[in-house]
Amino acid sequence: MNEKLTLIVGATTNRSRYAYFAASRLVGAGVPFVPIGIKSGEVLGKQIIDLRAKPHLDNIHTITLYVGTANQSEWIDYLISLNPKRIIFNPGTENPVFFQKAKAQGIEVLEACTLVMLSTNQY
């Protein structure tokens, strides 16, 4: 249905975390996702990719952030280098520096909630 391949940054196996909810809702909406973070494990059958390796990933449409502002600085340039169409700054991840750097590269930036966007068909 939807080919907006989404990179979930801050993916976790913890079912009570918003990043996990997002993965579940993306699956329900038919949106493919790639989990990436510093924790290992599986999210809904997909292995979490180690963010520290800064792997090359193709065709990322959307990056949805679940990493707090204080822990983003070393990942900003890497995430921008993936050339996503948009980055969603979920509540608690807002970062004016990252926001401006991404915008300067022509990336759509949203201070929004992935879960709300999915539940209101605005994703």
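None of the figures in this text is laboratory data; all of them are computed from the coordinates on show. As the structure is a prediction and not an experimental result, all values here were calculated from the model. Cβ coordinates were reconstructed from backbone atoms using ideal geometry, including for glycine residues, and neighbour counts include every protein chain displayed.
Using the 10 angstrom Cβ neighbour count as an exposure proxy, how do 110, 26 rank, fewest first?
In order of increasing Cβ crowding within 10 Å: 110, 26.
May I ask for the Kirkwood hydrodynamic radius of the stretch 6-119, worked out over all distinct Cα pairs and given in angstroms to one decimal?
Roughly 13.9 Å, rounded to one decimal.
To the nearest 500 deg cm²/dmol, what mean residue ellipticity at 222 nm is calculated for the chain from DSSP H runs of n ≥ 4 alone, each contributing -39,500 (n - 2.57), summed and divided by the residues?
Using -39500 (n - 2.57) per qualifying helix, the result is -7000 deg cm²/dmol.
Let me check against my output: what whole-number percent is the relative contact order of the chain, with C-alpha pairs under 8 Å and at least 6 apart?
Relative contact order comes out at 23 percent.
Just for the stretch 6-119, what percent of DSSP beta bridges are antiparallel, to the closest 5?
Beta bridges within the stretch 6-119, antiparallel portion: roughly 10 percent.
Evaluate the distance, in nm, between pseudo-label points positioned 7 Å from the Cα of residue 53 and of residue 119 along their respective Cα→Cβ axes.
Distance between the two pseudo-spin positions: 3.5 nm.
Using each residue's phi in the stretch 79-86, evaluate 6.51 cos²θ - 1.76 cosθ + 1.60 at θ = phi - 60° and report the 3J(HN,Hα) Karplus result to the nearest Hz, with x for Gly and Pro.
In residue order, the calculated couplings are 5, 5, 5, 7, 6, x, 6, 8 Hz.
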